[in-house]
There are 2 protein chains.
Amino acid sequence: MGLPEMDIAFVLYPNMTALDLVGPYEVLASIPGIRSHFVAETRDAVSADRGLTMVPTTTFAEMDRADVVVVPGSGHWKEALEQQPMIDWLRKVHPTTKYTTSVCTGSTLLAAAGLVDVATTHWAVRDLLASQGVEVSTDRVVESGKVITAAGVSAGIDMALRLVAMEFTDAGAKTVQLAIEYFPEPPFTQDEIGPEIAEGLKALLG
Amino acid sequence: MGLPEMDIAFVLYPNMTALDLVGPYEVLASIPGIRSHFVAETRDAVSADRGLTMVPTTTFAEMDRADVVVVPGSGHWKEALEQQPMIDWLRKVHPTTKYTTSVCTGSTLLAAAGLVDVATTHWAVRDLLASQGVEVSTDRVVESGKVITAAGVSAGIDMALRLVAMEFTDAGAKTVQLAIEYFPEPPFTQDEIGPEIAEGLKALLG
C-alpha cells in the first residue's frame, strides 16, 4: 500500500493509567506498517494505577529511536515525575521522533524533560503544568510543532485519530474510527456534570 | 461510603482486543469497593490482537463467582469461539453474577455460552451473532435482564458508565466520566465515513 513503516514506542511505567496508553495503541497499532514497542525501564511487568499489569517488549536502554512516542499519564502524577530514567529517555529519544505525544498527565513528564512549550493535560493538573513553565491549553488535543498532547485519559483516542489523519490520510482515520466504532454516547454533558462533582473529585485526586 | 463491595472479572484470552477490556476497566475499577480480577485459562501472560501483553491475576479454575463479568471481543472472533474453557467458564459463572457484560464481538462468546437472547455487537459480525440465534440490536449499549452488551471496541466505555449509573448513582457515573474526561471529539460523523469505507474495512476484517 506504500504506507510508511513506523516504530511506535508506547511508554510503560508503574502506576500509569492504562486507558491513556491503550486508547492510542488501539488506533495506531492497527495501521499497516506500524511496529509497536512497549518500552519501560526494565522488562519486568508493569502494574497500572487500577491494577492491570502489562508486559514491556523492550527497555529504555535498548531503544534509542522511535518515529512516534506515546507517554501516558498517571493517577499518581507526582510520583511519576520522579521516574528520572523515563524522563531522561524521553529527552534522548525526542530528537529522533516525527511525533512526541502524551495523554493526560503525561504532558507533565514531557515538561519535565523540557520538550513542550504549549500543552494540554488532565484538568486536575493544569496548575502543576503551568508551574513547569508550560503555556496550558484547555483544548482536548493540542499540536505544538511535532509535540501533540491530549487532555485526560479518553482524549488519547481523539489525539491518535488526529495523528492518523495528519500522517496518513483522512480515509485511514475514518477506517480506524469505524473499526473501533468510535461514535461515543457519553451519558452526561460537561454542563450536566457541574462544579460540585468537579470539586469533590479534585479533593479526592489530591 | 456504604458502597457495595464487588468482584469484577475482566476476562483475558489470546488475541482479544485490549481496548474492549481497558475501557470498562478504567471506568469500573475506579469505584471504591471494587476488586478487579483479570481471569484467563492460565496465569500465563496473554497477548492482545495488536500485540499488547497483559498478565492474568487468576484462572477460570480458581474463580467460581463474580459480581460483574466483562468479556472483550477480538479481531480474530472465529478463533475466539474455539476457546471452549472460557465459554464453559462463562456459562458456569453467569448464575452468580449481578451483571454479565460484553464488548464488541464478546457478545458472540456470550451467545456461544447460551447466555443472551437480544444483544448488540461489532457491526461487522451482526450476521454471525444472528446465526447464533440472537436477536441483534444496532444500539450502542443493550440491556437484556442482567446481560449488558456493547457495540464495537470503544462502546465499552459507554456501557461501563451506564452500569455505574445503574448500580451506583448518577453522581458516581458523572464523577468517573469527569475523571476520565470522557467528552469525546471524534473527528468524523458516521455519515461522513460512509459506505465505501465500511465495505473496504469489512473486506479487510474478513
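Observations on the model:
- Residue match in region A:119-128 (condition: under 15 Å from the mean Cα position of the chain (by Cα) and open to solvent by 30 Å² or more (accessible area, probe 1.4 Å)): yes
- Tally, over region A:146-175, of residues that are more than 7 Å from chain B (Cβ to nearest Cβ), within 18 Å of the chain's Cα centre (by Cα) and not in a strand (DSSP E or B): 8
- Residues that are open to solvent by less than 30 Å² (accessible area, probe 1.4 Å) and not in a helix (DSSP H, G or I), drawn from region B:68-98: B:Val68, B:Val69, B:Val70, B:Val71, B:Pro72, B:Gly73, B:Ser74, B:Thr97
- Of everything listed in (1) in a loop (DSSP other than H, G, I, E, B); (2) closer than 22 Å to A:Ala29 by Cα, the single unmet condition for B:Met63 is (2).
- Among residues of region B:133-185, those that are closer than 30 Å to A:Asp170 by Cα, crowded, with 18+ Cβ neighbours inside 10 Å and free of Cβ contacts under 8 Å to residues at least 24 places away in the same chain, counted: 9
- Of note, B:Leu110 does not satisfy the criterion of being in a helix (DSSP H, G or I), over 30 Å from A:Val39 (Cβ atoms), open to solvent by 10 Å² or more (accessible area, probe 1.4 Å) and in contact (Cβ under 8 Å) with a residue 24 or more places away in the chain.
Quick grid of which residues meet (1) basic (Lys, Arg); (2) surrounded by fewer than 18 Cβ atoms within 10 Å (Cβ to Cβ); (3) in a helix (DSSP H, G or I):
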{"residue": "B:Ile8", "(1), (2), (3)": "no, no, no"}
{"residue": "B:Leu19", "(1), (2), (3)": "no, no, yes"}
{"residue": "B:Gly23", "(1), (2), (3)": "no, no, yes"}
{"residue": "B:Pro32", "(1), (2), (3)": "no, yes, no"}
{"residue": "B:Thr42", "(1), (2), (3)": "no, yes, no"}
{"residue": "B:Arg50", "(1), (2), (3)": "yes, no, no"}
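- Of the residues examined, A:Glu185 is not one that is part of a helix (DSSP H, G or I), at pLDDT below 95, more than 16 Å from the chain's Cα centre (by Cα) and at the interface with chain B (Cβ under 10 Å from one of its Cβ atoms).
- First in region B:193-206 and more than 14 Å from A:Ala173 (Cα to Cα) and at the interface with chain A (Cβ under 8 Å from one of its Cβ atoms), second anywhere and outside any helix (DSSP H, G or I) and open to solvent by 30 Å² or more (accessible area, probe 1.4 Å), Cβ under 9 Å, 6 or more apart: B:Leu205/B:Gly75
- Any hit, region A:93-107, residues being within 30 Å of A:Pro195 (Cα to Cα), out of contact with any Pro (no Cβ under 7 Å at 6 or more places or on another chain), within 12 Å of chain B (Cβ to nearest Cβ) and of a type outside the set (A, V, I, L, M): yes
The values are calculated or read from the model by the stated rules, or taken from the named source; none is laboratory data. As the structure is a computational prediction, the values presented were derived from the model and not from experiment. Neighbour counts are summed over all protein chains in view; Cβ atoms, including those assigned to glycine, are modelled from backbone coordinates with ideal geometry. Just so you know, the surface numbers come from the protein's heavy atoms only, side chains and all, with ligands and any DNA or RNA stripped out. Shrake-Rupley method; radii C 1.70, N 1.55, O 1.52, S 1.80 Å.
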